[in-house]
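Worksheet: the structure to be examined is printed underneath.
Nothing in this text is a laboratory measurement; each read-out follows from the coordinates by a stated rule. Note that this is a predicted model, so its numbers are computed, not measured. So basically every Cβ, Gly included, is an ideal-geometry build from the backbone, and we count neighbours across all protein chains shown.
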Amino acid sequence: MRHRVAELQGELLDAAVAQAEGALPEVVRSIASFSGGYSPSTDGRLGVPIIDRERIELIPQWVVLSTAPDWLWQAIAWRSPDDGVDAFGTSSLVAAMRAFVRARAGDEIELP
């Protein structure tokens, strides 16, 4: 099934990160189907090394949402010094993992 990267969260986002990292389809499928395993979008011990290795830039953004003003995180995954893709999330890890997946897979990703 195809998913918009900007909307991924939880196990589906973690599965997309695993796929972008080159995991085999059966591994990606198992990550998407249960929680508690590979979770770089919520576990800094797994997400921060990806942020560091990929040099993902994190920027807090003050935004006015439909309910009230709040903070969002913008993450930029640089593919080269002048070519980056961004993503947003309510946490820095979610934003960074979405940007990482977008940089590797584009705006949509096919997950098993």
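Restricting attention to the stretch 51-95, and to residues there that are closer than 17 Å to residue 6 by Cα and among the β-branched types (Val, Ile, Thr), which single residue is surrounded by the fewest Cβ atoms within 10 Å (Cβ to Cβ)?
63
With in contact with a Gly (Cβ under 9 Å, 6 or more places away or on another chain) and of a type in the set (Val, Ile, Thr) as the only criterion, which of 76, 109, 59 stands out?
76
If you check residue 48 against the conditions, is it of a type in the set (Val, Ile, Thr) and either free of Cβ contacts under 8 Å to residues at least 60 places away in the same chain or not in a helix (DSSP H, G or I) (or both)?
Against the criterion (of a type in the set (Val, Ile, Thr) and either free of Cβ contacts under 8 Å to residues at least 60 places away in the same chain or not in a helix (DSSP H, G or I) (or both)), residue 48 qualifies.
Does residue 111 qualify as being free of Cβ contacts under 8 Å to residues at least 12 places away in the same chain, surrounded by 13 or more Cβ atoms within 10 Å (Cβ to Cβ) and under 15 Å from residue 13 (Cβ atoms)?
no
Quick one: how many residues across the stretch 1-34 are touching a Ser or Thr at 6+ places or on another chain (Cβ under 8 Å), more than 15 Å from residue 46 (Cβ to Cβ) and assigned to a helix (DSSP H, G or I)?
So the answer is 0.
Among the residues of the stretch 1-17, write down those that are closer than 15 Å to residue 103 by Cα, surrounded by fewer than 23 Cβ atoms within 10 Å (Cβ to Cβ) and among the small types (Gly, Ala, Ser).
Across the stretch 1-17, the qualifying residue is only 6.
Considering each residue of the stretch 18-42, count those that are crowded, with 19+ Cβ neighbours inside 10 Å, without any contact (Cβ under 8 Å) to a residue 24 or more places away in the chain and more than 13 Å from the chain's Cα centre (by Cα), and give that number.
So the answer is 1.
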